[in-house]
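Here, each number is a calculation from the coordinates, and none is a lab measurement. The structure displayed is predicted, hence computed values, not measured ones. Glycine gets a Cβ as well: all are built from the backbone with ideal geometry, and neighbour counts include every protein chain shown.
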Amino acid sequence: MTEWYHEFVDQTYSPSVDDLIALFKLQPSEGFSIEEAAGRVASESSIGTWTEVSTMRPRLRELMAKAYLIKGNLVKIAYPIDLFEPSNMPQILSSIAGNIFGMKAVRHVRLEDIRWPRKLLRSFLGPQFGISGIRKILQVKDRPLTATVPKPKLGMTAKEHATAGFEAWKGGIDLLKDDENLSSQKFNKFTKRVKLSLQMRDKAEKITGEKKSYLINITAETEEMTRRAKLVKRTGGEIVMIDILTSGWASLQTMRDVCNDLGLAIHAHRAFHAAFTRNPEHGMSMLAVSDIARAVGVDLLHIGTAIGKLESSRDEVVVLRNNLQNKKFQTTDPHLDQDWQSTRPTFPVSSGGLHPGLIPELIKMLGTNIVIQCGGGIWGHPKGGRAGASALRESIDAAIDGINLDDYANSRSELREALTTWGKATYV
Ligand code: CAP
Ligand code: MG
């Protein structure tokens with residue numbers, strides 16, 4: 001067997017602005033050095049295979065990826081842009097996040113970060129609305145936006161769902177949200193839910209004098225998603241929700257096009273991400289997922305809480321926020337900076353086990369340019385969803401004004417009851 005993996009390692013190479021850069025964490029299998037592992041990954045993810053081939057031509061050398069930096073277990077690989085088909089995310093990922101995860105020579109492979117070259121980034125649409133577009137829909141300039149998923153997450157009828165939305169909107173919630181596994185089951189049909197909920201939305205807007213919206217889960221096979229998006233538009237909705245990872249990147253790209261024509265924003269739920277983001281040694285990081293999601297063009301994306309019910313570190317959540325919000329994402333080496341150029345920002349959504357008692361800590365960590373989603377933290381309020389929604393808004397007001405939550409709760413019974421129910425403790 002003639003191997004040429006070493007030819008994919010060149011630590012003297014200095015990447016061109018047109019290269020796509022990927023940062024990997026590699027753990028070589030027994031008997032392999034990190035250089036050998038890096039060469040194999042660079043080879044398999046660009047043009048190589050397990051042996052030299054007679055069809056290799058000198059001109060093809062230009063397309064070889066280069067592992068150009070190796071630091072401990074971290075490896076940076078530069079990919080010539082011509083390896084990739086513009087605006088084809090599945091093709092790009094089949095290269096840099098494809099066969100490599102199963103290579104015998106590498107025990108663990110984790111794609112930590114991606115830097116898009118400008119030309120490739122520009123081939124994707126990016127978010128249509130971005131943070132400012134979503135704020136414009138709701139006419140809320142500065143404070144965090146609020147969202148709620150009615151719970152129990154499945155089983156409510158369309159009417160019960162719409163009524164819950166009405167209560168939450170009246171209590172001060174901006175965005176009603178479907179749960180990730182609510183689509184069009186027999187107990188709660190999509191069309192009926194959308195119609196009833198948006199009627200209630202209009203009523204709530206009249207009563208409160210505030211703009212309200214609804215994150216409507218259209219997740220299904222792609223043509224059905226298109227039909228559902230059209231129905232949302234006809235019925236007066238502004239934002240559709242897609243479970244982007246169970247649906248897949250190709251269908252997200254299709255829906256991004258469809259939503260462009262319809263003028264609808266996309267809320268991205270990341271259910272399934274932990275199957276490949278949770279193991280710190282293998283799979284793909286949530287940061288890489290956020291790189292892909294912002295490029296393709298989601299307007300809102302879940303980033304976690306660090307202090308709620310689901311696993312994520314503070315560092316990770318803050319880095320995700322920065323990567324979604326900023327025009328220039330700057331980070332510490334060996335992670336990769338990204339100039340997002342004209343790609344609009346994506347609204348970071350913090351969700352999962354949140355309740356009013358956690359809001360000051362959350363805002364301290366993430367600031368106010370976020371969406372805060374509370375499901376159980378609203379529907380578990382002893383006085384119901386409307387009171388729960390008011391308690392959430394009160395906790396946000398207190399946090400923004402820097403007022404102690406307990407002091408603020410003295411004259412606000414909804415907040416006081418929320419604090420009595422859940423305290424201010426982090427979920428364990
Ligand atoms: C939150 C939630 C979301 C999670 C997803 C749920 O409900 O609706 O799906 O936040 O995780 O069903 O768990 P609660 P992430 O507010 O009742 O916890 O945001 O990390 O992607
Ligand atoms: Mg959910």
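Summary of values
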| item | result |
| --- | --- |
| Eligible lysines near K170 by straight Cα distance, threshold 19 Å, same-chain separation 8 or greater | K151, K159, K195, K203, K206, K211, K212, K383 |
| Net dipole in debye of the chain [+1 Lys, Arg Cβ; -1 Asp, Glu Cβ; about Cα centre; nearest 20] | 1700 debye |
| Qualifying trypsin sites (Lys or Arg not before Pro) in the stretch 300-387, DSSP loop, other Cβ atoms within 10 Å at most 16 | K309, K327, K383 |
| Integer Hz, Karplus 6.51/-1.76/1.60 couplings in order for the stretch 246-251, x for Gly and Pro | 6, 6, x, 5, 5, 5 |
| Segment R59-Q341, extension gain: residue separation times 0.36 nm, minus the distance between their alpha carbons | 98.3 nm |
| The stretch 1-104, relative contact order [Cα under 8 Å, separation at least 6], % | 35 percent |
| Theoretical FRET efficiency, 1/(1+(r/R0)^6), r = Cβ-Cβ of H6 and K364, R0 56 Å, to 0.05 | 0.70 |
| Proxy reagent accessibility, fewest Cβ within 10 Å first, across V371, V296 | V296, V371 |
| Candidates S395, S45, S14: whichever shows maximal mean-square fluctuation once the chain is modelled as a Gaussian network with Cα springs under 10 Å | S14 |
| In degrees, nearest ten, helix 222-235 long axis to first principal axis of the chain (Cα) | 30 degrees |
| Positive dipole terminus of the chain, leading residue within P127, L324, M89 (C-beta point charges) | P127 |
| Cleavage-rule hits (chymotrypsin sites (Phe, Trp or Tyr not before Pro)) in the stretch 127-218: DSSP loop, at most 14 neighbouring Cβ within 10 angstrom | F187 |
| Restricting the stretch 358-428 to chymotrypsin sites (Phe, Trp or Tyr not before Pro) in coil, as DSSP defines it, with at most 16 other Cβ within 10 Å | Y427 |
| Net lengthening on full extension, Y13/E205 (0.36 nm per residue, minus Cα-Cα) | 63.3 nm |
| Label point 7 Å beyond Cα of T49 along Cβ direction - residues of the stretch 98-130 with amide nitrogen under 16 Å | 99-100 |
| Value of [θ]222 nm, deg cm²/dmol, for the chain, DSSP H segments ≥ 4, -39500 (n - 2.57) each, nearest 500 | -11500 deg cm²/dmol |
| Residue of H108, H267, H355 that the Gaussian network model of the chain assigns the largest fluctuation, springs spanning Cα pairs under 10 Å | H108 |
| Cross-link partners of K76 among lysines (Cα-Cα below 26 Å; sequence separation of 8 or more within a chain) | K25, K66, K104, K119, K327, K328 |
| On Cα atoms only, tilt of 190-208 relative to the major axis of the chain in degrees | 60 degrees |
| Unit charges at the beta carbon, dipole of the stretch 254-311: most positive-side option, A271, N260, L310 | L310 |
| Neighbour net charge for T157 - beta-carbon separation under 12 angstrom, K R +1, D E -1 | +4 |
| Contact order relative to length of the chain, as percent, for alpha carbon pairs under 8 angstrom and 6 or more apart | 16 percent |
| Ranked S183, S390, S350, S54, criterion: other C-beta atoms within 10 Å, fewest first | S54, S183, S390, S350 |
| Distance from the stretch 141-162 to the stretch 65-97 (C-alpha centre basis), Å | 40 Å |
| Estimated inter-spin distance, K424 and R234, nm [label 7 Å along Cα→Cβ] | 5.1 nm |
| Which of F8, F187, M241, positive extreme of dipole for the chain (C-beta unit charges) | F187 |
| The stretch 253-318, relative contact order [Cα under 8 Å, separation at least 6], % | 31 percent |
